[in-house]
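Take a look at the structure below.
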Amino acid sequence: MSSPRFGTHVTISGLGLTLREWTDDDIPAMAELFDDPDVARFTPLRSPFDLEAARAYLDAARRARAEDRKIQLAVTSDGRTPQGEILLFRCVADDPAHRFGGPAAELGYAIGLRHRRQGLASRAVRLAAGYARETLGFSTLVLRIDPDNTGSERVATASGFELTELAPLSRGAVRDRLRTWRHVAGGAG
């Protein structure tokens, strides 16, 4: 089965959110949202995350999008002001997530410190999971979460994901720590 294409100019609305494309005007907001010790600890984003890092990040996101590897969307409540980000990217060919069958994609997210504890992450994950399944046709959706990131584990559970038996993965500086959570069809997402 071929892997779905991500498409262009994605906007997803629902659950009180609009997930939209990042723009050049968002660079200052990106620097504010992602220059956070927790974001640096649990994501591959560099620290400090300043305007230069935000510009490089947006450029890399656009290249990945042009190559149809992933989409990165700003999480907003009003369609304008970024409060975080949701990512959707296809799992590489040898990813253990393919054991669950069909085309597989991974979701990732980060919510700015000022915007946490409002249910933004779980709503964004549910919206993106619905889009990935219903619009793009991904049958397997996963999250990869460090076990010390209890907030993300709560988001996973609230979004219809369950912890799998797959061995923990390494990614970047994180060695053998990332546990795989799988979206359960018919779950909260």
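I'm checking my understanding of the structure. Among residues of region 112-135 that are among the hydrophobic types (A, V, I, L, M, F, W, C) and open to solvent by less than 20 Å² (accessible area, probe 1.4 Å), which one is farthest from LEU15 (Cα to Cα)?
Taking region 112-135 as the starting set, the residues that turn out to be among the hydrophobic types (A, V, I, L, M, F, W, C) are 113, 120-121, 124-125, 127-129, 132.
Filter once more, so that each one left must be open to solvent by less than 20 Å² (accessible area, probe 1.4 Å): 120-121, 124-125, 128-129, 132.
On the way: LEU120: 9, ALA121: 11, ALA124: 8, VAL125: 11, ALA128: 11, ALA129: 13, ALA132: 16 Å.
Looking at the filtered set, the residue picked out is ALA132.
So LEU58 clears everything in (1) touching a residue at least 60 places away in the same chain (Cβ under 8 Å); (2) open to solvent by less than 60 Å² (accessible area, probe 1.4 Å) except one condition, right? Which one?
Tallying (1) touching a residue at least 60 places away in the same chain (Cβ under 8 Å); (2) open to solvent by less than 60 Å² (accessible area, probe 1.4 Å), LEU58 fails exactly one: (1).
Restricting to region 51-73, give me the number of residues that are among the charged types (D, E, K, R) and assigned to a helix (DSSP H, G or I). Full working, then the answer.
First pass over region 51-73, keeping only residues among the charged types (D, E, K, R): 52, 55, 59, 62-63, 65, 67-70.
Applying the additional criterion that residues be assigned to a helix (DSSP H, G or I) yields 52, 55, 59, 62-63, 65.
Count: 6.
Within the set of pairs 6+ apart or on separate chains, which have a first residue in region 5-34 that is charged (D, E, K, R), a second that is open to solvent by 80 Å² or more (accessible area, probe 1.4 Å), and C-beta atoms under 7 Å apart?
Filtered contacts from region 5-34: ARG20/THR11; GLU21/HIS9.
Test of understanding: among ALA64, ALA40, ALA93, ALA97, which residue is small (Gly, Ala, Ser), out of contact with any helix residue (DSSP H, G or I) (no Cβ under 6 Å at 6 or more places or on another chain) and exposed (fewer than 12 other Cβ atoms within 10 Å of the Cβ)?
Testing whether each residue is small (Gly, Ala, Ser), out of contact with any helix residue (DSSP H, G or I) (no Cβ under 6 Å at 6 or more places or on another chain) and exposed (fewer than 12 other Cβ atoms within 10 Å of the Cβ) leaves just ALA93.
Could you check region 77-89 and list, in sequence order, the residues that are surrounded by fewer than 21 Cβ atoms within 10 Å (Cβ to Cβ) and either out of contact with any Gly (no Cβ under 9 Å at 6 or more places or on another chain) or farther than 19 Å from LEU136 by Cα (or both)?
Kept after step one, since they are surrounded by fewer than 21 Cβ atoms within 10 Å (Cβ to Cβ), are these residues of region 77-89: 77-81, 87, 89.
Result: SER77, ASP78, GLY79, ARG80, THR81.
Within region 136-147, does at least one residue satisfy the condition of being among the charged types (D, E, K, R), open to solvent by 20 Å² or more (accessible area, probe 1.4 Å) and in a strand (DSSP E or B)?
Yes.
The values are calculated or read from the model by the stated rules, or taken from the named source; none is laboratory data. Not measured: the values here are computed from a predicted model. Because the Cβ atoms are built from the backbone with ideal geometry, glycine has one as well, and the counts that use them run over all protein chains shown. All accessible areas refer to the heavy atoms of the entire protein, side chains included, with ligands and DNA or RNA removed. Shrake-Rupley method; radii C 1.70, N 1.55, O 1.52, S 1.80 Å.
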